[in-house]
1. Going through the range 149-163 one residue at a time, which ones are of a type outside the set (S, T, N, Q) and either away from the ligand (no atom under 16 Å from the Cβ) or not in a loop (DSSP other than H, G, I, E, B) (or both)?
2. Determine, yes or no, whether LYS144 is basic (Lys, Arg), part of a helix (DSSP H, G or I) and within 15 Å of GLY12 (Cα to Cα).
3. Would you tally the residues in the range 90-121 being in contact with a Pro (Cβ under 8 Å, 6 or more places away or on another chain) and of a type in the set (Phe, Trp, Tyr)?
4. Test SER145 against the criterion of being more than 16 Å from the ligand (Cβ to nearest atom), under 23 Å from ASP51 (Cα atoms), without any contact (Cβ under 8 Å) to a residue 12 or more places away in the chain and not basic (Lys, Arg), and give yes or no.
5. If I filter the range 71-88 for residues that are surrounded by fewer than 16 Cβ atoms within 10 Å (Cβ to Cβ) and over 17 Å from the mean Cα position of the chain (by Cα), do I get at least one hit?
6. Any idea which of VAL117, VAL133 is in contact with a His (Cβ under 9 Å, 6 or more places away or on another chain) and in a loop (DSSP other than H, G, I, E, B)?
7. Given the condition of a type outside the set (Lys, Arg), at pLDDT 95 or above, within 16 Å of the ligand (Cβ to nearest atom) and closer than 19 Å to THR24 by Cβ, answer yes or no: does some residue in the range 180-193 qualify?
8. Looking at (1) within 16 Å of the ligand (Cβ to nearest atom); (2) more than 19 Å from the chain's Cα centre (by Cα); (3) part of a strand (DSSP E or B), find the lone condition where PHE168 falls short.
Amino acid sequence: MRTLENLQMDGGCLAFNFINTVNTRKPAPEFEYLKTFGDLLTWSEKAGSLDGMRLQALREHVAEKPEDASIALNDAIDAREMLYGLFSAIAAGNPPDAAVTNAFNRRLSESFQSIHVKFGPASAEIHLNGEDVALNEPFIHVMKSAIDVLTREDIRRIKECPRCGWLFLDTSKNGKRKWCDMNVCGSREKSLEYYYRKTRRNV
Ligand SMILES: [Zn+2]
């Protein structure tokens, strides 16, 4: 059974792990891991993007205002699907279309207006503005990761698994990784190839 506990986090960055909270995407999204806002918080905890204090503040807030939680969840899912469209186009070697690019840029400025930097003697840390609870907090970290990938990584290393639609950062030496997971999608493809080769030989 698919659960958040056994969800694989092997996208190579927070943004791709967030986009991969659907399984599988092809031909259409089949299983949704984020059914409630609480699931999004559980995922953030598993991903290590929110610390215990922030998680507690968010959980307390949504316990008091459940209607805010469902709005925030729908918004995060909309944003996730926008990110999938953006990175899926890049993985296919195409620039994302204007609508997706505009949506991404709008989300980027919304997210980044909540971020400020605190400096230590030899460090610079990202913090969120104020102590107030913002329900887009889990997503702000995702957007930070998305911009990091776009600006720091070779975008030719952004890949989409052809079988399930999961996104990943290809960190292999030769840059030829094709599958999200060789043991899941890769082996399924291999056994299908074997089957077809065998049946072709038999006709
Ligand atoms: Zn796959």
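1. Going residue by residue through the range 149-163, those that are of a type outside the set (S, T, N, Q) are 149-150, 152-163.
Matches in the range 149-163: VAL149, LEU150, ARG152, GLU153, ASP154, ILE155, ARG156, ARG157, ILE158, LYS159, GLU160.
2. Working: basic (Lys, Arg): yes; part of a helix (DSSP H, G or I): yes; within 15 Å of GLY12 (Cα to Cα): yes.
When the stated conditions are applied, LYS144 passes them.
3. Going through the range 90-121 one residue at a time, the tally reaches 1.
4. Working: more than 16 Å from the ligand (Cβ to nearest atom): yes; under 23 Å from ASP51 (Cα atoms): yes; without any contact (Cβ under 8 Å) to a residue 12 or more places away in the chain: no; not basic (Lys, Arg): yes.
When the stated conditions are applied, SER145 does not pass them.
5. Looking for residues that are surrounded by fewer than 16 Cβ atoms within 10 Å (Cβ to Cβ) and over 17 Å from the mean Cα position of the chain (by Cα), one finds at least one in the range 71-88, hence yes.
6. Working: VAL117 fails: in a loop (DSSP other than H, G, I, E, B).
Just a single option satisfies the conditions, and that option is VAL133.
7. Taking the range 180-193 and keeping what is of a type outside the set (Lys, Arg), we get 180-187, 189, 191-193.
Now drop any that are not at pLDDT 95 or above, which leaves none.
Looking through the range 180-193, none of the residues is of a type outside the set (Lys, Arg), at pLDDT 95 or above, within 16 Å of the ligand (Cβ to nearest atom) and closer than 19 Å to THR24 by Cβ.
8. In the conditions (1) within 16 Å of the ligand (Cβ to nearest atom); (2) more than 19 Å from the chain's Cα centre (by Cα); (3) part of a strand (DSSP E or B), PHE168 misses (2) alone.
The values are calculated or read from the model by the stated rules, or taken from the named source; none is laboratory data. Bear in mind that the values here come from a model prediction, so they are computed numbers and not experimental data. Positions of Cβ are generated from backbone atoms using ideal geometry, with glycine treated the same way; all protein chains shown enter the neighbour counts.
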